[in-house]
Every structure is written in C-alpha cells, then in structure tokens.
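Reading through the structure tokens given below for one structure.
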Amino acid sequence: LRPGQGTRDHPPAHVVLRDRLLAAAVACFKRHGAAAIDTPVMELRETLVGKYGEEAKLIYELQDQGGELLALRYDLTVPFARYLAMNKITAMKRYHVAKVYRRDNPATTRGRYREFYQCDFDIAGQFDPMIPDAECVKIVHEILSDLQLGDFLIKVNDRRILNGVFAVCGVPESKFISACSTVDKLEKMPWEEVRSEMVGEKGLSPEAADRIGEYVQLHGGLDLIEQLLQDPKLSQNKLAKEGLGDMKLLFEYLTLFGITGKVSFDLSLARGLDYYTGLILEAVLLQQENDHVEEPISVGSVAGGGRYDGLVGMFDPKGRKVPCVGVSIGIERIFSILEQRVKASGERIRTTETQVLVATPQKHLLAERLKLISELWDAGIKAEMLYKRDPKLLKQLQYCEDTGIPLAAIIGEQELMDGVVKLRDVTKREEV
C-alpha cells in the first residue's frame, strides 16, 4: 500500500478502484464461460528461461534452494502452459488474476511496477481457425468498453505475416526474432531510430531495413489485407499468405461482432515475446483532447496477447502440442489512468461497501446494537457499528459521512419503547 492513504478501518481509495477493475474483468471472463485456475508464484528457473526472448533479463531469479534453481513468475502464460502439459489437458478455457514479478525500472505514474497484477483469459485446444482468436479480441473490447475509459484502439497483427515480411525483405531466418523485438519499439521510437538499431545493433543490411520500413508503417482494415494478398512478393511467401488468410477471417468474425471500428490491422505491432506464433494483439487508449487532466498520462498498452501454439509442447516429454490463444488486461496501467481522472475531477471514492451503520444516541445500549447488527448480518445486509460501548451519536454520524455509508439505523430508548428503528439518510439528513 502507498503510505499515508486510507483510514484505520478502510482500505485506501486506490485499492478500492483496483478491486472494481478486477471485478469488471472477472465478470466478463465468467460471462464467456471461463474457469478460474491458479499456479505457484515460484517456478523452476528452467521453466521460465528461454521463453521470453530479450525480456528474459527481467526475470527475478532466486538463489539455489536446496538444489533447485527457482524464479518468480514473469507472467501467467508460461506457468499455464506448464500446467496444461503436466496435467495432460488438451482443451480448456480459463482465467487467472494474480501478481507477477519483473526486475524492471519502475515508473509508477505510468503504471509500471516490479510487482503487479495480471488479469489473463486463455482458450486452449484444437479448434477451427480464428474463432477463439476473435473471442479474445471481443473480450478486450468488452472490458475496455465496460470500464468507460474513453476512446481506445485494438491493434492486431500476425507473427507469420511479420516473418513473411522479414523473409521477402532479405532478413536471414536466424535474425527474425531479434528483428521482431526491434520492430516492437516503433510505438515508442520514430522509424529512423528503429532503422538505425536494425542496422547498427541487429546487423541487418540498410536495404533490408528500408524494405521492412515500407511494410511495417502500414495499418488499416480488410482493404489493407486484400491489398497485401495481392502484393507480388508477400503473396508468394507461404507463411505470410497463411497469416493474411487468417487475418481476413478474423476481420470477418469481428464484423459479425460489430467491433471492427475499434480494431486496426497494424504491421508495426510485433510484441517482443518469443512464444507468439500467430495472432498478436495490443490495446491502447487514445488520449482525448478535452480530457480535464493537467498532464496527459501516457501508459502505453493496457491489454495484450496473442496465439502461442508451441509453448505447451515445450513442457510435454513427447512434445505434444496444444494450440492456445489468450489476452492479458493491464490492471495497474488502467488504474493509473482512472486514479489521475478521479484526482482531476475531485470525485470522492467510497472506500466501503457497508450499507448501514447501527447507531445509538444514548449510553448503555450496546446490547441492543449487537442484537440489531446480528439481525442485519443474518439477512445478508452489509452493516457496521463502532467498537465502543457508548459512542456519541455525532461521532457515529460523522463516521458515516467520512466513509460514505449511506444509512444509519438508530435505536434509542424511545425507539425501543415504540418497537421501531429510526433510519437516517446520512446525505439528505432525513429520518423515517
């Protein structure tokens, strides 16, 4: 928890906000029929190493623990693949909300932490092309719409299309993955810097880099897919042709879902992780000009994912593959935006779900409060009382105002004689 926030009895506002975000995501996952699973925070080091490409340097490794080299989980995807292989599961739809750990440089204003929540949804199993993939894009659309974060864009691409682009531009296959991680920086860096990294650090020829530049700066929808299917070079590449065919199918399904207005086929999207084999997707929030925020907040991607058909096979002794596709919602990043908006608007976050405070106006009525609160709890009503024998009524009502409890159930000597309870609307100060 951040210091200096929250009261003795209730969590800080930011914890309440994050819980609301998680609840919205989980409600969406359940709506789509996913089961909840969990995996250990610690994995064998060998489980994680070699799955993340250049990002592997951010894995938290632990010292030798009695002969075992361990590491903290870097994401929820690799442990899920290990879980499927160990239990010989060939089909599953799951969600998982848990903390992951990355030895990164924190940037708390942009929602980057070393320990943070990931909120994942995955579909594992052999199904007809792009139907599960389309559902994953739909889920991202649903959650970002439900949270009312403003305008957003879901970028989609396919690793096979990217690899096809690299092949027709003259990049050796051994450099596909490193070229991919460089293209992934296009969102943060101008093309000139990306090009110089390709040539200077990754060893690509200037000609190859220029040819890649012609492709990776393209974005659009079905029209662009059709255009690339007619491209004389790209259409001759088997991988690219497969990827473009599936991308066309994806857009047909997304059209039926009615969400193509928020989806862009973007060839600059690469996602740096090694394990993606097909569809890749990333959602970004679009900063609105009329946002009443003093300093526009840039948090980068708020959701990402893709297809990883080879990962489960890495953990299976016989190499049996289970195709998988999934998405991860960036709860901490979305939370950074919401927190900034709440501060700017001056809105007060209610930090408790308590519906009613049981109060007494006179002394020696603790027994009556305990009897009444027990009745409310048994009826499923969220109720509280102050932990004092004889609290002052003003103090009890002030507690309601401070914490946002809307009602006070007041029971005094007169109420006991009349056999009633006085219910006070704390905000309106009306009693019945």
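The values are calculated or read from the model by the stated rules, or taken from the named source; none is laboratory data. Worth saying up front: this structure is predicted, and the values here are computed from it rather than measured. Every residue, glycine among them, receives a Cβ derived from its backbone with ideal geometry; neighbour counts consider all protein chains shown. In case anyone asks, the SASA skips ligands and DNA or RNA and just uses the protein heavy atoms, side chains included. Shrake-Rupley method; radii C 1.70, N 1.55, O 1.52, S 1.80 Å.
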Answer residue from segment 186-214, given it is modelled with pLDDT under 85 and in a helix (DSSP H, G or I) and is surrounded by the most Cβ atoms within 10 Å (Cβ to Cβ) among those: L186
Test: residue in segment 80-94 that is modelled with pLDDT of 90 or more, assigned by the TED database to the domain that holds K321, under 17 Å from the mean Cα position of the chain (by Cα) and exposed (fewer than 14 other Cβ atoms within 10 Å of the Cβ): no
Lone qualifier among T360, T351 - being outside the structural domain of C119 (by the TED database), open to solvent by less than 80 Å² (accessible area, probe 1.4 Å), over 40 Å from the mean Cα position of the chain (by Cα) and in contact (Cβ under 8 Å) with a residue 40 or more places away in the chain: T360
Residue match in segment 130-138 (condition: within 25 Å of V15 (Cβ to Cβ) and not in a helix (DSSP H, G or I)): no
Test result for R103, in contact with an Asp or Glu (Cβ under 8 Å, 6 or more places away or on another chain) and assigned by the TED database to the domain that holds C28: no
Residue tally, condition part of a loop (DSSP other than H, G, I, E, B) and touching a residue at least 24 places away in the same chain (Cβ under 8 Å), over segment 91-113: 6
Qualifying residue in segment 319-327 (condition: exposed (fewer than 15 other Cβ atoms within 10 Å of the Cβ) and in the same structural domain as A34 (by the TED database)): yes
So L228, is it surrounded by 20 or more Cβ atoms within 10 Å (Cβ to Cβ) and within 16 Å of M130 (Cα to Cα): no
Residue within segment 121-134 that is of a type in the set (F, W, Y) and over 20 Å from D309 (Cβ atoms) present: no
Some residue of segment 56-64 being assigned by the TED database to the domain that holds G278 and part of a strand (DSSP E or B): yes
Hits in segment 1-45 (condition: acidic (D, E) and either modelled with pLDDT of 90 or more or under 20 Å from K343 (Cβ atoms) (or both)): D19, D38, E43
Test set (1) over 18 Å from S328 (Cα atoms); (2) touching a Pro at 6+ places or on another chain (Cβ under 7 Å); (3) hydrophobic (A, V, I, L, M, F, W, C) - I123 fails condition number: (1)
Count - residues of segment 68-90 that are touching a residue at least 60 places away in the same chain (Cβ under 8 Å), part of a loop (DSSP other than H, G, I, E, B) and hydrophobic (A, V, I, L, M, F, W, C): 2
Per-region count, segment 51-67, residues free of Cβ contacts under 8 Å to residues at least 40 places away in the same chain and open to solvent by 50 Å² or more (accessible area, probe 1.4 Å): 7
